[in-house]
Amino acid sequence: MILILGGGLGLLLLLAGVVVSLVDRRSVVDERLGRYSESGGLISASSLDEAEQKKNQPSAFSIFLDRLGEGTDLYDAISHHLSRADVKFRPSEYLMLIVTSCLGMGLVGTFLGRSIGFGILSAILGVFVPPLYIMRLQKKRLKLFDNQLGDMLNLMVNGLRAGYS
């Protein structure tokens with residue numbers, strides 16, 4: 001009885017494998033390689049590039065704010081902080097995030113506290129949330145760099161001792 005059930009299960013699995021391979025004409029490897037080839041694949045490289053460009057295209061208001069603040073010390077400082085935290089925001093997008101955070105926290109504070117005073121206090125707190133998050137990301141990235149620095153220096157020293165230039 002056990003041999004019959006095992007044989008039947010094996011035959012069923014073999015039949016399922018044949019059906020799946022006949023229905024799916026492209027193998028997993030062909031699908032993965034097709035994404036990178038010019039001629040085929042589920043997503044061609046040109047359509048992927050167009051979709052990526054459309055997704056990353058800034059809004060008209062963001063472009064206006066960039067032109068308005070371009071070259072100022074404020075935008076340079078914001079850009080420096082964002083790059084140190086490895087955040088892919090533009091300074092105008094970051095400023096819009098601060099304003100959105102302020103308004104959102106103010107509305108939530110007003111509804112939860114049921115008073116305008118608590119809403120104003122929440123809005124003031126909302127101004128400081130994005131900069132605190134950016135500082136946290138900066139510290140995290142600096143800590144990762146510090147953790148890898150000693151190993152990298154040892155690797156370079158050992159390479160120089162071994163005679164590599």
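Throughout, read-outs are computed from the coordinates displayed, never taken from laboratory work. Please read all numbers here as calculations on a predicted model, not as lab measurements. Every residue, glycine as well, gets a Cβ built from its backbone with ideal geometry; the counts of neighbours run over all protein chains shown.
On the given criteria, is VAL157 over 23 Å from the mean Cα position of the chain (by Cα) and exposed (fewer than 14 other Cβ atoms within 10 Å of the Cβ)? Here the answer is yes, as VAL157 does meet what is asked.
I'm checking my understanding of the structure. Among residues of the range 93-115 that are of a type in the set (Gly, Ala, Ser) and in a helix (DSSP H, G or I), which one is farthest from the chain's Cα centre (by Cα)?
Pass one, the range 93-115, residues of a type in the set (Gly, Ala, Ser): 101, 104, 106, 109, 113, 115.
Then drop every residue that is not in a helix (DSSP H, G or I), which leaves 101, 104, 106, 109, 113.
Details: SER101: 20, GLY104: 23, GLY106: 28, GLY109: 29, GLY113: 34 Å.
That would be GLY113.
Of all residue pairs spaced 6 or more apart or on separate chains, those with beta-carbon atoms under 7 Å, a first member in the range 131-158 that is basic (Lys, Arg) and a second member that is surrounded by 10 or more Cβ atoms within 10 Å (Cβ to Cβ) are ARG141/ALA85; ARG141/ASP86.
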